[in-house]
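Input: a single structure, listed below in structure tokens.
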Amino acid sequence: MAEKVEDFLQQHIEQLPSENVVVFVSYKPDKRTKFYKFLVKNPLVQVKEFKLLNSKQLLKYLVENYPISSNDAQYLVERVGTNLYMLHNELMKILKISPKITKELIDKYVIKNVQQDAFALVDNLQNSQKVLEILNNLEQMGEDFFKVLGLLYWNLKNTILIKEQQSLNEDSKTIASKLGVHPFVVAKTLKGRYDIEALKDIFHKLIDLDYDIKTGKIASELGYLYLKKILGRGEVR
């Protein structure tokens, strides 16, 4: 279907009524394709690229466009994530009841992104009480176990890769570009102190748990229990 649309537009784009607007959106367009090259060269088409904001740009954008302090903006991003659409929705939710956004209102009305809980799990591996608290909350909210496991995979992998790149004296911009990770995530990870070998050990244990559940050796209903056993011991090895 997409190919038919592309062929049609290439043949008839000049016949489209001037009051009609056609918008093509791609998170990561393949610039090698015939259709992309057609759009770029066509005088009727405007091509715009919106690059991800780094951590400083993101916080600056929030402070300049919403009644929120820099510290509270940082707290909001850590709670919700870097998706501007989600950040905007959460901010507008608060602005319906208050002219100013504060940490107290964020705590009261903003639902924490599950991905941020996965970040928190990695950051608190030495604190068994905090780890168990996060996992208990996720379980009680009915969050899908495999979704949480997938996010843990993602965060552990990126943390390991980012810290390894840091050990090679790569700067944050280069790391973000090389790994395809949001600059905010890179900046946050670079500031943290992690035992990389211990993180690799946990990563392998999670793979074993995933395998055991999917092959029927462990019941899927016990996924959270085993995850707590791996992460909630107050130690990471």
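The values are calculated or read from the model by the stated rules, or taken from the named source; none is laboratory data. The model shown is predicted, which means the values in this text are computed figures rather than measured ones. Glycine gets a Cβ as well: all are built from the backbone with ideal geometry, and neighbour counts include every protein chain shown. Quick note on the areas: whole protein, heavy atoms, side chains included, nothing else; ligands and nucleic acids left out. Shrake-Rupley method; radii C 1.70, N 1.55, O 1.52, S 1.80 Å.
Of note:
- Meets criteria (in a helix (DSSP H, G or I) and either among the aliphatic types (A, V, I, L, M) or at pLDDT 90 or above (or both)) for Glu164: yes
- Ile218 passes every criterion in (1) touching a helix residue (DSSP H, G or I) at 6+ places or on another chain (Cβ under 8 Å); (2) more than 24 Å from Ser55 (Cα to Cα); (3) in contact (Cβ under 8 Å) with a residue 24 or more places away in the chain apart from (3).
- The number of residues in the range 181-234 that are part of a loop (DSSP other than H, G, I, E, B), at pLDDT below 90 and among the charged types (D, E, K, R) comes to 3.
- Which listed residue, of Lys130, Lys157, Lys147, Lys178, is surrounded by fewer than 18 Cβ atoms within 10 Å (Cβ to Cβ), closer than 21 Å to Arg79 by Cβ, within 17 Å of the chain's Cα centre (by Cα) and not small (Gly, Ala, Ser): Lys147
- Residue within the range 61-82 that is open to solvent by 70 Å² or more (accessible area, probe 1.4 Å) and either small (Gly, Ala, Ser) or assigned to a loop (DSSP other than H, G, I, E, B) (or both) present: no
- Cβ-Cβ under 7 Å pairs, at least 6 apart or on other chains, the range 147-160 side at negative phi and polar (S, T, N, Q), far side part of a helix (DSSP H, G or I) and open to solvent by 20 Å² or more (accessible area, probe 1.4 Å): Asn155/Phe119; Asn158/Leu179
- Filtered residues of the range 83-107 (kept if assigned to a helix (DSSP H, G or I), out of contact with any Phe, Trp or Tyr (no Cβ under 7 Å at 6 or more places or on another chain) and farther than 17 Å from Ile134 by Cα): Leu84, Tyr85, Met86, Leu87, His88, Asn89, Glu90, Met92, Leu95, Glu104, Leu105
- Within the span defined as the range 7-24, every residue fails to be under 25 Å from Ser177 (Cα atoms), under 27 Å from the mean Cα position of the chain (by Cα) and open to solvent by less than 80 Å² (accessible area, probe 1.4 Å).
- Flag for Asn113 being at pLDDT 85 or above and closer than 22 Å to Leu52 by Cα: no
- Reported count of residues in the range 25-44, each being over 30 Å from His182 (Cα atoms) and in contact with an Asp or Glu (Cβ under 8 Å, 6 or more places away or on another chain), is 1.
- Selection within the range 30-53 - in a loop (DSSP other than H, G, I, E, B) and open to solvent by less than 60 Å² (accessible area, probe 1.4 Å): Thr33, Asn42, Val45, Leu53
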